[in-house]
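Worksheet: one structure, shown below.
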Amino acid sequence: MTTPKHLARTEFVILMALLTSIIALAIDGMLPAFPKIAEDLNVQSPNDLSLIIAILFFGYGIGQLVFGPISDVIGRKQPIYYGVAIFCVGAVLSGFAPNFEIFLVGRFLQGFGGAAPRIISLALVRDEYSGNAMAKITSLIMTIFILVPAIAPTMGQAVLFFASWRAIFIVLFAVGVLTWTWFGIRQHETLPKASRSKLSLAQLKYGVKETFSQPTTVACIAVSGLLFGIFVAYLGAVQEIFTSIFHVGESFPMYFGILALAIGASSFFNSRLVMIFGMHRLIFFAFICMAVLSNIFSIYLTQLQLGVPPLWLFMSYMILTFLSVGFLFGNLNALAMQPLGHIAGMASALLGSIQTLISVVIGGLLGRYFHDDILPLVLSFGTISIICIGILWRWVKKT
């Protein structure tokens with residue numbers, strides 16, 4: 001089969017969503033297996049168990065800095081080939097790991113390799129689209145991408161019904177092979193040789209200077225990192241929140257999936273509304289809603305509620321909060337990349353790696369407080385949303 005010059009928009013969106021989703025599948029598919037992994041690999045502390053998430057994000061942050069600039073030099077396709085292959089090696093290593101240390105090495109490789117399809121797909125979209133049209137495509141990708149966190153814990157739970165937790169990594173390996181094959185056959189190279197840059201220290205300095213000379217880009221990087229930091233902490237504690245605080249047992253994947261679908265639903269609506277209202281208005285609207293909702297709920301929890309609130313009330317708050325989040329990530333990434341189309345690979349690498357670094361630091365600081373009480377989670381959304389509004393108001397409102 002010959003490679004088509006241009007994919008239809010539907011196939012392009014689905015393929016980009018799959019490339020983006022590999023990391024999400026490697027994160028969320030593990031959540032139901034945390035207790036079994038801890039038992040089998042003799043993990044004693046919950047803080048050590050959270051390394052399953054943290055070490056993947058660490059590898060992911062480093063991988064973005066490597067694969068992003070390379071994609072500006074040799075094109076978009078080859079680095080994705082290499083990254084998905086490394087991801088598959090990491091999946092096999094974790095799946096057959098005899099101890100927790102080897103397991104974490106595999107997780108690092110999954111994060112490092114998975115960074116290539118995740119970050120280069122953003123540059124690939126920027127090669128094909130710009131402005132509000134890019135925001136629309138990004139939102140459509142996010143809509144499909146969110147289905148992965150929605151179904152990944154259920155997939156992990158289903159595997160655990162029939163096999164060991166190690167079989168989850170066989171599934172991850174199979175997804176990697178499928179993605180590698182589909183991308184290789186169907187997607188054309190979007191960066192022609194004439195547009196590629198030479199890898200040099202001067203080029204790297206230029207890319208960094210160009211990226212950080214854009215106030216809007218810098219503001220969006222900071223805001224995305226802060227917001228994503230809450231999610232890093234949330235992912236490390238969400239299994240305990242639902243099973244230890246709310247005692248939902250094996251129904252945990254269902255509740256987790258409902259919240260993920262809330263983000264997907266609002267991302268879908270954002271793909272329509274962004275063409276009418278624009279990225280700026282929707283971003284501010286979402287953060288204002290999150291700030292008001294979270295701070296009102298925080299007051300309720302501290303002044304009126306004794307003990308754990310009803311599950312339906314917590315879920316209602318989280319659904320409304322995640323609906324706000326769905327209007328943010330796609331728009332923030334598109335807004336950050338808007339002035340940087342000429343260095344899309346380098347810019348997407350810096351954007352993603354710095355976001356990841358900020359989120360890992362914020363997530364590490366917050367995550368230790370999320371295991372026993374929901375108030376720190378609610379306060380985090382309320383406080384960080386106000387901080388983000390201030391940053392965006394100062395640096396983005398006039399752009």
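The values are calculated or read from the model by the stated rules, or taken from the named source; none is laboratory data. What you see is a predicted model, and the numbers here were worked out from it, not measured in a lab. With ideal geometry, Cβ positions are generated from the backbone for all residues, glycine too; neighbour counts draw on all protein chains shown.
Scoring residue 371 on the criteria (1) buried (at least 24 other Cβ atoms within 10 Å of the Cβ); (2) farther than 25 Å from residue 266 by Cα leaves a single failure, condition (1).
Going by the conditions given, is residue 360 of a type in the set (A, V, I, L, M), touching a helix residue (DSSP H, G or I) at 6+ places or on another chain (Cβ under 7 Å) and outside any helix (DSSP H, G or I)? In short, no. Considering (1) over 18 Å from residue 228 (Cα atoms); (2) of a type in the set (A, V, I, L, M, F, W, C); (3) modelled with pLDDT under 85, the lone condition that residue 311 does not fulfil carries the number (3).
Answer with yes or no whether residue 137 is over 24 Å from residue 93 (Cα atoms) and in a helix (DSSP H, G or I). Taking the combined requirement at face value, the residue satisfies it. Scanning the range 242-254 for residues that are surrounded by 18 or more Cβ atoms within 10 Å (Cβ to Cβ), touching a Leu at 6+ places or on another chain (Cβ under 8 Å) and at pLDDT 90 or above yields a total of 1. Of all residues in the range 6-39, those that are part of a loop (DSSP other than H, G, I, E, B), surrounded by fewer than 23 Cβ atoms within 10 Å (Cβ to Cβ) and in contact with a Leu (Cβ under 9 Å, 6 or more places away or on another chain) total 1. Among the candidates 201, 191, which residue alone is buried (at least 21 other Cβ atoms within 10 Å of the Cβ), more than 30 Å from residue 375 (Cα to Cα) and of a type in the set (A, V, I, L, M, F, W, C)? Every option except 191 fails the conditions. Looking only at residues of the range 255-279 that are in a helix (DSSP H, G or I) and more than 21 Å from the chain's Cα centre (by Cα), we find that the one that is nearest to residue 154 (Cα to Cα) is 272. For the range 325-357, a residue qualifies if it is hydroxyl-bearing (Ser, Thr, Tyr) and either surrounded by fewer than 24 Cβ atoms within 10 Å (Cβ to Cβ) or out of contact with any helix residue (DSSP H, G or I) (no Cβ under 7 Å at 6 or more places or on another chain) (or both), and exactly one does: 353. Among the residues of the range 187-218, those that are within 24 Å of the chain's Cα centre (by Cα) and in a loop (DSSP other than H, G, I, E, B) comprise 187, 190, 214.
Remark: pairs (first residue in the range 82-104, over 16 Å from residue 55 (Cα atoms) and free of Cβ contacts under 8 Å to residues at least 12 places away in the same chain; second residue basic (Lys, Arg) and surrounded by fewer than 22 Cβ atoms within 10 Å (Cβ to Cβ); Cβ separation under 8 Å; 6+ apart in sequence or on different chains) are absent. When residues of the range 50-84 are filtered for being more than 20 Å from the chain's Cα centre (by Cα) and within 20 Å of residue 30 (Cα to Cα), how many remain? Count: 0. Evaluating residue 308 against the criteria (1) within 20 Å of residue 17 (Cβ to Cβ); (2) surrounded by fewer than 20 Cβ atoms within 10 Å (Cβ to Cβ) leaves one unmet condition, (1).
Remark: residue 311 matches the filter, which requires a residue to be more than 30 Å from residue 211 (Cβ to Cβ) and of a type outside the set (Val, Ile, Thr). Tell me, yes or no, whether the range 40-48 has at least one residue that is at pLDDT 85 or above, among the acidic types (Asp, Glu) and surrounded by 17 or more Cβ atoms within 10 Å (Cβ to Cβ). The answer is no, given that none of the residues of the range 40-48 is at pLDDT 85 or above, among the acidic types (Asp, Glu) and surrounded by 17 or more Cβ atoms within 10 Å (Cβ to Cβ). Number of residues in the range 305-329 that are assigned to a loop (DSSP other than H, G, I, E, B), without any contact (Cβ under 8 Å) to a residue 60 or more places away in the chain and either in contact with a Ser or Thr (Cβ under 9 Å, 6 or more places away or on another chain) or farther than 20 Å from residue 383 by Cβ (or both): the value is 3. In the range 49-104, of all residues being out of contact with any Leu (no Cβ under 8 Å at 6 or more places or on another chain) and not in a helix (DSSP H, G or I), the one that is surrounded by the fewest Cβ atoms within 10 Å (Cβ to Cβ) corresponds to 98.
Within the range 262-273, is even one residue farther than 30 Å from residue 136 by Cβ and crowded, with 21+ Cβ neighbours inside 10 Å?
Within the range 262-273 (the criterion being farther than 30 Å from residue 136 by Cβ and crowded, with 21+ Cβ neighbours inside 10 Å), the answer is no, since none of the residues qualifies.
Among 230, 221, 170, which is the only one that is farther than 30 Å from residue 326 by Cβ, among the hydrophobic types (A, V, I, L, M, F, W, C), touching a residue at least 12 places away in the same chain (Cβ under 8 Å) and in a helix (DSSP H, G or I)?
The conditions single out 170.
Taking residues in the range 149-160 that are within 14 Å of residue 34 (Cβ to Cβ), and partners anywhere that are among the aromatic types (Phe, Trp, Tyr) and part of a helix (DSSP H, G or I), the pairs with Cβ atoms closer than 9 Å and at least 6 places apart or on different chains are 152/256; 153/252; 153/256; 157/252.
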